[in-house]
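The values are calculated or read from the model by the stated rules, or taken from the named source; none is laboratory data. Keep in mind the model is a prediction, meaning the values are calculated, not measured. A quick note on method: Cβ atoms are made from the backbone with ideal geometry, for glycine too, and the neighbour counts reach across all protein chains shown.
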Amino acid sequence: MWTYYRDVTLYTIAICLFLGMASAAAFDSFAEGLLNLALIFSIIGTGFGELAFSYFQKQQYYMYHNLGFTKKALILKTWGINFGIGIILALFIAIWI
């Protein structure tokens, strides 16, 4: 499970950083851009990371299935952890704005 989380989260971070840099000009301050990045990471970032994982490492789902993990359970646990981390980061950034 932890390997799946790490792989999907690395894809998620890369995609969210790209989206954050692409939308950086839309915000007045750096902190607002970081807040946007944290919200993208927590809400839709895991979906993007899972799509990238499915594209590049689809065969690994057979290994996780043989270990007793379903695809749905892996995605929900990963999204839950990333959602919690992202919301905590967003609240921490919002305090400093």
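Please verify whether region 37-58 includes one or more residues that are closer than 21 Å to L74 by Cα, of a type in the set (K, R) and modelled with pLDDT under 90.
Taking every residue of region 37-58 in turn, at least one turns out to be closer than 21 Å to L74 by Cα, of a type in the set (K, R) and modelled with pLDDT under 90.
Limited to region 56-74, what total is found for residues that are in a helix (DSSP H, G or I), without any contact (Cβ under 8 Å) to a residue 60 or more places away in the chain and not basic (K, R)?
8
Which pairs turn up if I take residues in region 76-95 that are in contact (Cβ under 8 Å) with a residue 24 or more places away in the chain and crowded, with 17+ Cβ neighbours inside 10 Å and look for partners that are assigned to a helix (DSSP H, G or I) and of a type in the set (S, T, N, Q) with beta carbon separation below 6 Å, at least 6 apart in sequence or on another chain?
Between residues of region 76-95 that are in contact (Cβ under 8 Å) with a residue 24 or more places away in the chain and crowded, with 17+ Cβ neighbours inside 10 Å and residues that are assigned to a helix (DSSP H, G or I) and of a type in the set (S, T, N, Q), the close pairs are T78/T46; W79/T46; N82/T46; G86/S42.
Restricting attention to region 26-38, report how many residues are surrounded by 14 or more Cβ atoms within 10 Å (Cβ to Cβ) and not in a loop (DSSP other than H, G, I, E, B).
Qualifying residue count, region 26-38: 7.
State whether the residues of region 5-25 include one that is out of contact with any Gly (no Cβ under 6 Å at 6 or more places or on another chain), not aromatic (F, W, Y) and not in a helix (DSSP H, G or I).
Scanning region 5-25 turns up at least one residue that is out of contact with any Gly (no Cβ under 6 Å at 6 or more places or on another chain), not aromatic (F, W, Y) and not in a helix (DSSP H, G or I).
Looking only at region 36-78, count every residue that is closer than 16 Å to L10 by Cβ and among the β-branched types (V, I, T) and tell me the total.
Residues meeting the conditions: 4.
Which of the following residues is under 15 Å from K71 (Cα atoms), in contact (Cβ under 8 Å) with a residue 24 or more places away in the chain and not aliphatic (A, V, I, L, M): F41, F53?
Going through F41, F53 in turn, just one is under 15 Å from K71 (Cα atoms), in contact (Cβ under 8 Å) with a residue 24 or more places away in the chain and not aliphatic (A, V, I, L, M): F53.
Please go through region 1-19 and pick out each residue that is under 20 Å from I87 (Cα atoms) and surrounded by fewer than 19 Cβ atoms within 10 Å (Cβ to Cβ).
Result: Y5, R6, L10, I13, A14, L17, F18, L19.
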